[in-house]
1. Could you name the aspartates and glutamates whose alpha carbon sits less than 12 Å from that of residue 223, not counting residues in the same chain fewer than 8 places away?
2. Return the aspartates and glutamates within reach of residue 17: Cα separation strictly under 16 angstrom, same-chain partners fewer than 8 residues apart disregarded; answer none if there are no such residues.
3. Counting pairs of Cα atoms in the chain, how many percent are more than 31 Å apart?
4. Ranked from the most accessible area to the least, with a 1.4 Å probe and all protein chains present, what is the order of 223, 143?
5. Across the stretch 14-23, in residue order, what do the Karplus-derived ³J(HN,Hα) couplings come to in whole Hz, using 6.51 cos²θ - 1.76 cosθ + 1.60 with θ = phi - 60° and x for Gly and Pro?
6. Solvent-accessible area per residue for the chain at a 1.4 Å probe radius, Å²?
7. What chymotrypsin sites (Phe, Trp or Tyr not before Pro) in the stretch 1-69 are in a loop by DSSP, with at most 11 other Cβ atoms within 10 Å of the Cβ?
8. If you roll a 1.4 Å probe over the chain with all protein chains in place, what percent of the accessible area is carbon or sulfur?
Amino acid sequence: MPRQLVIAIDGPAASGKSTTARLVAERLGYLYIDTGAMYRAMGLKARRLGIPLADLAAVAAMAERTEVRQQQVPGGVATFLDGEDVSAAIRSPEISQAASDISTISAVRRRLVALQQAMGRSGGVVMEGRDIGTVVFPDAEVKVYMEASLAERARRRGSELSARGIAARADELESQIAARDRQDSGRHDSPLARAPGAVVIDTTGMSIAQQVERVAALAAAAKERSS
Ligand code: DC
């Protein structure tokens, strides 16, 4: 059997990565790994324990002792923090910011990157995040960088939140997302960036079905090349 691919999808918040990655994984029978959820789980734990992020030694010690696991469930993936299912708890705007903040700390990145590399070692994964094509799997057979306009991303995040009964103003979402973009792209360790060789997909105005088709076509071409 030919080796199964690693498909790396990076891009800023709400660019369409998660839904596309999940559906491509479903189509190919691959594992879907949401690395953002892993940073969210770390951010949640630090907040619950009241660990200040300025205390780098305490954050590093916490990260070393923390188990973050993803488990495939019908329709997506569940995230477990030290054995507790935190899939819903990590989806608030406060935890979005906490995740972005804690993701600037190298000890946290080292711990999560090691877990991610272990999950993708045998291929057969669609992994999405900010540094998958640049750091976690720089040799991935398929690398995609998804982007979309800020207004479109805020609109998408607004509908996701409202589907879960959380009201949010469009202008506030825009400024939260823009602040996160700045922090994720500007940080010193593994900033959000297009990986060399990544195919850029601007999803503004694209349907989810079109995004999935595009990535699935790249995967099919990569499979063809490797066989
Ligand atoms: O994809 P997301 O919005 O759930 O990610 C939350 C935060 O986690 C994001 O603002 C930056 C960080 N992150 C990261 O630094 N590296 C990744 N591979 C994934 C997410």
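1. 141
2. Output for residue 17: 26, 34, 128, 131, 147, 152, 160, 181, 184, 202, 213.
3. Of all Cα-Cα distances in the chain, 16 percent exceed 31 Å.
4. Working: 223 80, 143 30 Å².
Sorted descending by solvent-accessible area, the residues read 223, 143.
5. 6, 8, x, 4, 5, 5, 5, 4, 4, 6
6. Working: 10440 Å² over 227 residues.
Spelled out: the 1.4 Å probe surface of the chain, per residue, equals 46 Å².
7. none
8. Carbon plus sulfur share of accessible area: 54 percent.
The values are calculated or read from the model by the stated rules, or taken from the named source; none is laboratory data. Being a predicted model, the structure only gives us computed values, none of them experimental. Here Cβ is always computed from backbone atoms with ideal geometry, including for glycine, and neighbour counts include all displayed protein chains. Accessible surface is based on the protein model in full, side chains and every heavy atom, while ligands, DNA and RNA are left aside. Shrake-Rupley method; radii C 1.70, N 1.55, O 1.52, S 1.80 Å.
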